[in-house]
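Have a look at the structure below before the remarks.
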Amino acid sequence: QVQLVESGGGLVQPGGSLRLSCTASRNIFSGATMGWYRQAPGKQRELVAVITGGSTNYADSVKGRFTISRDNAKNAVYLQMNSLKPEDTAVYYCYYFHAYVYWGQGTQVTVSS
């Protein structure tokens, strides 16, 4: 069993930045997929960014603004979010897949003036 704990969410003005962190409770497989999904009120959960080894994939809506990275030694994945927009407001969930899908509890990101 792997537990994922997110941090770094909060309230930010449009154009601002936030960095989300997610740490796993045990050693993660370096070749496994980790990433971030988000869910806005009344909408389905959607992929934001994932990383498998050194390969990354982003939703079109965040390309050029968000950067995903991981530190296997710290069992962690990060999401640097720049040029935030109100439509980025959502609960952001950390994701880890290795034979089974694990989810974090979510962290709220609110972009508002």
Query raised in the report: Right, S25: under 26 Å from Q1 (Cα atoms), surrounded by 12 or more Cβ atoms within 10 Å (Cβ to Cβ) and under 13 Å from the mean Cα position of the chain (by Cα) or not?
Result: no
Query - Of all residues in region 2-17 being open to solvent by less than 30 Å² (accessible area, probe 1.4 Å) and assigned to a loop (DSSP other than H, G, I, E, B), the one that is farthest from Q108 (Cα to Cα) - result: V2
**Report entry** Complete set of residues in region 64-79 that are assigned to a strand (DSSP E or B) and open to solvent by less than 60 Å² (accessible area, probe 1.4 Å)
**Finding:** F66, I68, S69, R70, D71, A76, V77, Y78, L79
Report task. Go through region 53-63 and give me each residue that's open to solvent by less than 60 Å² (accessible area, probe 1.4 Å) and more than 18 Å from G15 (Cα to Cα). Result -> G53, Y58, A59
Report summary line: Taking region 80-113 and keeping only residues that are among the charged types (D, E, K, R) and open to solvent by 10 Å² or more (accessible area, probe 1.4 Å), one is left with K85, E87
Requested in this report: Filter region 83-113 down to the residues that are touching a Phe, Trp or Tyr at 6+ places or on another chain (Cβ under 7 Å) and outside any strand (DSSP E or B), then identify the one that is farthest from R45 (Cα to Cα).
Outcome: H98
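The values are calculated or read from the model by the stated rules, or taken from the named source; none is laboratory data. The structure displayed is predicted, hence computed values, not measured ones. Glycine gets a Cβ as well: all are built from the backbone with ideal geometry, and neighbour counts include every protein chain shown. Just the protein is used for accessible areas: all its heavy atoms, side chains included, with ligands, DNA and RNA removed. Shrake-Rupley method; radii C 1.70, N 1.55, O 1.52, S 1.80 Å.
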